[in-house]
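The values are calculated or read from the model by the stated rules, or taken from the named source; none is laboratory data. From a predicted model like this one, the values you see are computed outputs, not experimental measurements. Every residue, glycine as well, gets a Cβ built from its backbone with ideal geometry; the counts of neighbours run over all protein chains shown. Just so you know, the surface numbers come from the protein's heavy atoms only, side chains and all, with ligands and any DNA or RNA stripped out. Shrake-Rupley method; radii C 1.70, N 1.55, O 1.52, S 1.80 Å.
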Amino acid sequence: MTETIHIGNDALQQLPELLKNRAFSKVAVLVDENTLHHCYPSLKPYLPEHDLIQVQSGEEHKTLQTCEYIWQRMTELHLDRWAVLVNLGGGVIGDMGGFCAAVFKRGIYFVQVPTTLLAQVDASVGGKTGIDFHGLKNHIGVYQEPQAVFINPAFLQTLPQRELKSGYAEIIKHWLIADKEAFLEQRHVGLVAADWDSLIRQSVSIKSRVVEQDPLEGGLRKILNFGHTVGHAVESYLLEQPGRELLHGEAVAVGMLCEAWISRKHELLSPEELDKIETFLVSVYEKVSLSEQDIQQMAQLALQDKKNTRSTINCTLLEGIGNAVYDQPITVQEIVESLRYYTLL
Ligand SMILES: NC(=O)c1ccc[n+]([C@@H]2O[C@H](COP(=O)([O-])OP(=O)(O)OC[C@H]3O[C@@H](n4cnc5c(N)ncnc54)[C@H](O)[C@@H]3O)[C@@H](O)[C@H]2O)c1
Ligand SMILES: [Zn+2]
């Protein structure tokens, strides 16, 4: 069973009841400087007496060092096993707060209040928590379900446009792997006219359905990795190139284009379908310029990233729009070719 998820502009109204019914011994709220400023004022009225734990925003702070600080604050605040941590923020706060709560005194309760689009449609759902370690993404972590998730689309009003677009990539991914109709319809609507409330509901239901069937990623859950084999390689490589860093969703958009091309090459996707995906993604996301050297190194990273055979990588591909197949062997050469195709779009 997945966690209880409340979605809507009134979602937070359910929070006081949960806090009262469970009679938690203490309530602490984890924020970063942005969510403290933009989001905490609208959460505060729904909270009983509580303490704040503030950390710095950004993926570079999703580390063991920050966890140490959080555990130190939890200790000073005398949180015991019946306390609850409310994680107010994007995927960084949710992943790290969830992890800190899951192992503090062998596990205290936590609640997710995601405030970025990416966290609302993806990171807050499915029970994965964790941190980065020595440059390796999400290297340390546990599966742990929160007590509940409260998704209020109103938080998106203060989110920078670039972050919004990044989260939108995961929504597109959900359509491509599971909802052809939504893809065909929404590609004409686009980002500006999007009805976030309904898009979030749709996306969360796709992700929850997949996670419910395969919580520990033995098989089916891997379809959620569509766009991420190449996407992660692109993201990690550019992370090491000052000034060229991409947001997660921006890298996933590149990854989806490449992996759709590979799906076409494997004759799983028709040329018309590839064309539709291409046209839409290129209209939303700016092209990233890549040199032949970038491409070669990204492809090598994709290989290292996985526990695969020497030259093949298991990847999720599309067997038609709205249908994904996982564990499809692809070669490093195909990744190289797909990135070359991307540069020519
Ligand atoms: N657990 C999972 O299943 C899962 C899935 C996908 C991604 N993730 C993780 O999520 C992380 C990325 O999450 P993200 O994209 O939310 O990034 P993020 O958490 O870094 O947030 C992006 C920025 O937006 C700011 N912010 C947050 N809410 C805001 C608001 N309402 N108004 C203004 N600013 C706001 C944050 O302070 C931050 O600067 C990565 O670490 C990734 O590994 C986890
Ligand atoms: Zn992702």
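Considering the range 120-136 alone, what residues qualify as being open to solvent by 10 Å² or more (accessible area, probe 1.4 Å) and over 12 Å from the mean Cα position of the chain (by Cα)? Across the range 120-136, the qualifying residues are ASP132, PHE133, HIS134, GLY135, LEU136. For the range 65-95, a tally of residues being within 16 Å of ligand 2 (Cβ to nearest atom) and touching a Pro at 6+ places or on another chain (Cβ under 8 Å) returns 3. Contact map, the range 52-69: residues that are without any contact (Cβ under 8 Å) to a residue 40 or more places away in the chain paired with residues that are polar (S, T, N, Q) and surrounded by 15 or more Cβ atoms within 10 Å (Cβ to Cβ), Cβ distance under 9 Å, separation 6+ or inter-chain. Pairs shown: GLN56/THR66; SER57/ASN34; SER57/THR35. Within the range 17-28, one or more residues are hydrophobic (A, V, I, L, M, F, W, C), in contact with a His (Cβ under 8 Å, 6 or more places away or on another chain) and open to solvent by less than 70 Å² (accessible area, probe 1.4 Å).
One line per residue, one yes/no per condition, for (1) touching a residue at least 24 places away in the same chain (Cβ under 8 Å); (2) closer than 15 Å to TYR342 by Cβ:
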{"residue": "PRO215", "(1), (2)": "yes, no"}
{"residue": "ILE223", "(1), (2)": "yes, no"}
{"residue": "GLY231", "(1), (2)": "yes, yes"}
{"residue": "VAL234", "(1), (2)": "yes, yes"}
{"residue": "GLY243", "(1), (2)": "no, no"}
{"residue": "HIS248", "(1), (2)": "yes, no"}
{"residue": "LEU257", "(1), (2)": "yes, yes"}
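Pairs please, first residue from the range 96-122 and at positive phi, second anywhere and crowded, with 24+ Cβ neighbours inside 10 Å and modelled with pLDDT of 95 or more, Cβ atoms under 8 Å, 6+ apart in sequence or on different chains. Close Cβ pairs (under 8 Å, with a partner that is crowded, with 24+ Cβ neighbours inside 10 Å and modelled with pLDDT of 95 or more) amount to LYS105/LEU79; GLY107/ALA101. Residues in the range 180-221 that are at pLDDT 95 or above and within 13 Å of ligand 1 (Cβ to nearest atom): TRP196, SER203, VAL204, LYS207, SER208, VAL210, VAL211, ARG221.
Might you let me know whether the range 103-119 holds any residue that is assigned to a helix (DSSP H, G or I), open to solvent by less than 40 Å² (accessible area, probe 1.4 Å), touching a strand residue (DSSP E or B) at 6+ places or on another chain (Cβ under 6 Å) and within 15 Å of ligand 1 (Cβ to nearest atom)? Within the range 103-119, not a single residue is assigned to a helix (DSSP H, G or I), open to solvent by less than 40 Å² (accessible area, probe 1.4 Å), touching a strand residue (DSSP E or B) at 6+ places or on another chain (Cβ under 6 Å) and within 15 Å of ligand 1 (Cβ to nearest atom).
Applying a threshold of 7 Å to beta carbon distances and a minimum spacing of six or more residues, or different chains, the list of pairs starting in the range 262-290 at a residue that is closer than 23 Å to GLU319 by Cβ and free of Cβ contacts under 8 Å to residues at least 60 places away in the same chain and ending at one that is open to solvent by 30 Å² or more (accessible area, probe 1.4 Å) and aromatic (Phe, Trp, Tyr) reads LEU274/TRP261. Here is a check on your reading of the model: is LEU317 crowded, with 19+ Cβ neighbours inside 10 Å, of a type in the set (A, V, I, L, M, F, W, C) and within 16 Å of ligand 1 (Cβ to nearest atom)? Here the answer is no, as LEU317 does not meet what is asked. Among the residues that make up the range 291-307, is at least one of them in a loop (DSSP other than H, G, I, E, B), at pLDDT below 95, in contact with a strand residue (DSSP E or B) (Cβ under 7 Å, 6 or more places away or on another chain) and surrounded by fewer than 16 Cβ atoms within 10 Å (Cβ to Cβ)? So far as the range 291-307 goes, yes, one or more of its residues are in a loop (DSSP other than H, G, I, E, B), at pLDDT below 95, in contact with a strand residue (DSSP E or B) (Cβ under 7 Å, 6 or more places away or on another chain) and surrounded by fewer than 16 Cβ atoms within 10 Å (Cβ to Cβ). Residues that are in a helix (DSSP H, G or I), within 23 Å of the chain's Cα centre (by Cα) and of a type outside the set (A, V, I, L, M, F, W, C) within the range 34-85 comprise ASN34, THR35, HIS37, HIS38, TYR40, GLU59, GLU60, HIS61, GLN65, THR66, listed in sequence order. May I ask you to verify whether GLY130 is at pLDDT 95 or above and in contact with an Asp or Glu (Cβ under 9 Å, 6 or more places away or on another chain)? Judged against the criteria, GLY130 is a match. Screening GLY167, GLY135 for residues that are away from ligand 2 (no atom under 15 Å from the Cβ) and either modelled with pLDDT under 95 or outside the structural domain of LYS26 (by TED's automatic domain parsing) (or both) leaves exactly one candidate, GLY135. For the range 34-47, the condition of being touching a Cys at 6+ places or on another chain (Cβ under 6 Å) and farther than 18 Å from SER124 by Cβ holds for none of the residues. Could you tell me whether the range 224-245 includes any residue that is among the hydroxyl-bearing types (Ser, Thr, Tyr), open to solvent by 10 Å² or more (accessible area, probe 1.4 Å), modelled with pLDDT of 95 or more and away from ligand 1 (no atom under 12 Å from the Cβ)? Within the range 224-245, none of the residues are among the hydroxyl-bearing types (Ser, Thr, Tyr), open to solvent by 10 Å² or more (accessible area, probe 1.4 Å), modelled with pLDDT of 95 or more and away from ligand 1 (no atom under 12 Å from the Cβ).
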